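The structure appears below as structure tokens.
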Amino acid sequence: MPSKKTVSFPEQLAGNITEALVSCQVLFPDRSAAPPFFALLADTLGAMRKDIRSGRTEHLLFEPAEGTEPDSVTYLNRLSGALPPKVYFSSFFDNAVLDELSRRFPGADVSSFEEKKEGGPSDGAFCFRHAKRLAELLKNLIPEYVEALSAGHTPDEIRFSRLLPSVSALATGRSAFLRLAGGAFGLEVRKKTAAREPFSSGRTFRHKDGVFEPVNLESIRKVDEFYGYHAARQTFLEHFGAFSAGKANLPLLISSLPGLGKTQMTISHTLHYANLTLILPSPSDIAEGLEALIRKLAQYPARKFMLFFDDIDASTTDWFYFRANVGGAFSLPPNISITIASNQRFPANISSRGRGFVYPIFDEVRCKEMVADFLLSLGMKDAPDSLAAVIASDYVEEFSQKKFEELSPRTLVRYLGTYRDNPVKRKKMLESSREDIITEPDALVFYQENLKLMRSIYGDSVLEELRQEALNHES
């Protein structure tokens, strides 16, 4: 163990740490809304200042400081570990600050904030000055702090210190705030703004061949326009709400037979939260381009991205990169989450890396449940069960007449739309619900259609599983 030594910090270094903390507070006054990386940066700077003031840096490189709170070395390691792989701290810094300035001053030309205004600086210029000052301070702040801690120790001793080598990357030497000024700076900011422009032009994008293209999705229902499947709806609200609030970014793995709502519910719940951006990658991205896609999006920490891989063949997909980036060698950056939808069940070593939800099959019970919810949405708080039964029965009859290509929640919603818009049909269904004998939806039709679908996906081995589902409902 290296001998203890007295650590001497330049007086200016302590002052610069305090200045950097002030600028962090000006740029991100709402800590709860700040990118997690910048909240961690503020904690790191605070720990550095505290360690200097308390004088507990005597042997900090090799032994944790006494007390229950993390010391500056612990925070520096956490900060370097939170930086996405192969992403420069300076790029991360620039994008986060420019995004924050654009958010707080919508429609403004951020590059103009550098210009002096008559009568004193505008709020934008004031924040801009602090952004530039913070970049200047961080150019050497952390390296100088580490240098002071390391003074007097040999390279061999430092190699076995608590400090991670990646801490050396925490410097802003490449920041546009340092390299350019005046018109040249404005040009650089505009380049960065153009690079971010796809994410400023909308909330839904396809990712193909490395390019993000805005896409307009039509006929997407709102979250309160889904019926039945209460457990699924509750799971989606909880899961997407937690990601929106910054509480979790665990992947969501959803599986079901086709037509039960995986795609619609994922898109709807993403767009329900105003701070989420939906990315629709190519299916091949999950097996080949996942790491590159994550690196691109990690450079925009002020935005939250939901990657939605739809219609993935869970049984044949190469999951290597997914396993490496989710619970493997790397962790997803906090501003990125993943939802994967498949018609098959996920392998055990994949389902264990996320939150899973398996949709129950669509049968006569869930069909009537959806109809009852639909009637409730029309304001019929005390609609009789008989009315839900005859409407569900009529839907099944129309399916048997080949008016719908499949028996599923997807086509039931279409049927309910025609029911809502057709007063003659509504009157007929209401009269039928008052008769002595109530027609129930044919359970055999659901059984046959589910069996056909499951056989097409899993083969004949699913017959027993389907029978067990039916027995569970009966009990």
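Values as computed for the structure displayed
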| read-out | value |
| --- | --- |
| Some residue of the range 211-230 being closer than 30 Å to residue 133 by Cα, aromatic (Phe, Trp, Tyr) and modelled with pLDDT under 90 | no |
| Top-ranked residue in the range 266-289 [being part of a helix (DSSP H, G or I) and touching a strand residue (DSSP E or B) at 6+ places or on another chain (Cβ under 8 Å); ranked as modelled with the lowest pLDDT] | 283 |
| Extreme residue, modelled with the highest pLDDT, among residues of the range 44-83 that are buried (at least 17 other Cβ atoms within 10 Å of the Cβ) and acidic (Asp, Glu) | 71 |
| Boolean, residue 457 is outside any loop (DSSP other than H, G, I, E, B) and at pLDDT below 90 | yes |
| Checklist (1) modelled with pLDDT of 90 or more; (2) closer than 22 Å to residue 305 by Cβ; (3) in a loop (DSSP other than H, G, I, E, B) applied to residue 353, failing item | (1) |
| Identity of the residue in the range 58-92, of a type in the set (A, V, I, L, M) and more than 30 Å from the chain's Cα centre (by Cα), that ends up nearest to residue 174 (Cα to Cα) | 61 |
| Residues (exposed (fewer than 15 other Cβ atoms within 10 Å of the Cβ), closer than 22 Å to residue 293 by Cα and under 18 Å from the mean Cα position of the chain (by Cα)) located in the range 215-260 | 248 |
| Residues satisfying the stated conditions in the range 290-332, i.e. among the small types (Gly, Ala, Ser), assigned to a loop (DSSP other than H, G, I, E, B) and either surrounded by 19 or more Cβ atoms within 10 Å (Cβ to Cβ) or in contact (Cβ under 8 Å) with a residue 40 or more places away in the chain (or both) | 302, 314 |
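The values are calculated or read from the model by the stated rules, or taken from the named source; none is laboratory data. On a predicted model such as this, the values are computed, not experimentally measured, just so you know. For neighbour counting, all protein chains shown are included, and Cβ atoms are generated from backbone atoms with ideal geometry for every residue, glycine included.
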